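The values are calculated or read from the model by the stated rules, or taken from the named source; none is laboratory data. Keep in mind that what you see is a predicted model, and the values were worked out from it rather than measured. Here Cβ is always computed from backbone atoms with ideal geometry, including for glycine, and neighbour counts include all displayed protein chains. These area figures cover heavy atoms from the full protein model, side chains too; ligands, DNA and RNA do not enter into them. Shrake-Rupley method; radii C 1.70, N 1.55, O 1.52, S 1.80 Å.
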Amino acid sequence: EQQATLPEPPPLGLELTSDLPGNPPLLKLGESTNLRVLTNLAPGQISSLTWEPEIPGCDNCLVANVSPVRRTDYLVTLEDANGCRSTAGLTILIDNNLRVFVPNAFSPNDDGINDRLALLAGPEVTQVLSFRVADRWGSIVFQQQNIPPNDPQYGWDGRVKGKPASPGVFAWFAELELAGGRRSVVSGEAALLR
């Protein structure tokens with residue numbers, strides 16, 4: 001018979017963090033962030049690591065890249081070689097502010113500066129479903145459908161039926177598809193200068 005005192009093992013440390021600032025972290029719609037698992041275990045001491053919701057291609061990974069389109073609660077469960085388990089969570093909030101810019105004036109004079117009226121947007125805009133320009137009487141003078149954002153070649157060159165339009169103020173309308181499949185309609189005015 002022998003008596004022994006076994007020291008208590010250190011508690012299983014686990015934390016889930018993000019590259020984003022804030023508590024809870026705030027991610028702009030259409031962007032991504034890395035989630036990091038912080039633990040006091042060496043990689044060889046980890047028996048399993050599971051993510052909820054499941055992250056494709058991320059089995060037992062300590063860093064996961066995610067692009068949620070709505071508020072998401074992430075949970076990670078870690079089990080060590082002795083069968084001890086710990087769970088940590090992190091909520092990612094989504095900033096749904098739409099970043100869209102269309103110049104309020106353009107000069108289609110082929111000088112390479114502001115020659116086309118085009119829609120510029122943040123990564124939350126995945127596609128411009130329609131971009132239309134109307135004159136002051138409401139007649140459509142330009143129309144494009146299913147175009148990528150941020151590409152001036154799809155913008156209006158200031159011509160109507162092949163002829164240069166007269167200077168003036170024109171209204172523009174755009175229907176946008178956002179990350180996650182949601183749609184939004186934006187509009188504004190732009191002055192054509194010659």
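Evaluate the following for Ala81: is it of a type in the set (Gly, Ala, Ser), more than 30 Å from Asp151 (Cα to Cα) and touching a helix residue (DSSP H, G or I) at 6+ places or on another chain (Cβ under 9 Å)?
yes
I'd like the residue in region 67-81 that is without any contact (Cβ under 8 Å) to a residue 40 or more places away in the chain and not in a strand (DSSP E or B) and, out of all such residues, is farthest from Pro53 (Cα to Cα).
Among them, the one singled out is Ala81.
Here's the yes/no breakdown for (1) closer than 12 Å to Thr126 by Cα; (2) of a type in the set (A, V, I, L, M); (3) within 32 Å of the chain's Cα centre (by Cα); (4) at pLDDT below 95:
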residue	(1), (2), (3), (4)
Asn146	yes, no, yes, no
Pro149	yes, no, yes, yes
Gln153	no, no, yes, yes
Lys161	no, no, no, yes
Val169	no, yes, no, no
Phe173	no, no, yes, no
Leu176	yes, yes, yes, no
Gly181	yes, no, yes, yes
Ser187	no, no, yes, no
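State which residue is farthest from Thr17 (Cα to Cα) when the search covers only region 108-134 and only residues that are polar (S, T, N, Q), touching a residue at least 24 places away in the same chain (Cβ under 8 Å) and open to solvent by 30 Å² or more (accessible area, probe 1.4 Å).
Checking each candidate, the answer is Asn109.
Do the conditions hold for Ala179, that is, is it of a type in the set (A, V, I, L, M, F, W, C), touching a residue at least 60 places away in the same chain (Cβ under 8 Å) and touching a Phe, Trp or Tyr at 6+ places or on another chain (Cβ under 7 Å)?
no
Assuming Gly30 fulfils every condition listed in (1) more than 13 Å from Gly89 (Cβ to Cβ); (2) in a strand (DSSP E or B); (3) within 17 Å of the chain's Cα centre (by Cα) apart from one, which condition is it?
(2) is the only condition that Gly30 fails.
Please go through region 172-185 and pick out each residue that is of a type outside the set (D, E, K, R) and surrounded by fewer than 16 Cβ atoms within 10 Å (Cβ to Cβ).
If the condition is that a residue be of a type outside the set (D, E, K, R) and surrounded by fewer than 16 Cβ atoms within 10 Å (Cβ to Cβ), then Phe173, Gly180, Gly181, Ser184, Val185 are the ones that fit.
Being closer than 30 Å to Pro68 by Cβ, buried (at least 16 other Cβ atoms within 10 Å of the Cβ) and touching a residue at least 24 places away in the same chain (Cβ under 8 Å) is the filter here, so list the residues in region 136-171 that pass it.
Pro149, Tyr154
Quick one: count up the residues across region 44-74 that are more than 21 Å from the chain's Cα centre (by Cα), at pLDDT 90 or above and open to solvent by 40 Å² or more (accessible area, probe 1.4 Å).
Counting residues in region 44-74 that are more than 21 Å from the chain's Cα centre (by Cα), at pLDDT 90 or above and open to solvent by 40 Å² or more (accessible area, probe 1.4 Å) gives 3.
Scan region 84-124 for residues that are hydrophobic (A, V, I, L, M, F, W, C), in contact with a Leu (Cβ under 6 Å, 6 or more places away or on another chain) and not in a strand (DSSP E or B) and report the count.
Number satisfying all stated conditions: 2.
Does region 16-32 contain any residue that is closer than 18 Å to Ser86 by Cβ and touching a residue at least 60 places away in the same chain (Cβ under 8 Å)?
Among the residues of region 16-32, at least one is closer than 18 Å to Ser86 by Cβ and touching a residue at least 60 places away in the same chain (Cβ under 8 Å), which makes the answer yes.
Within region 1-40, restricting attention to residues that are more than 28 Å from Gly122 (Cα to Cα) and of a type in the set (D, E, K, R), which residue is modelled with the highest pLDDT?
Going through the qualifying residues, I end up with Glu15.
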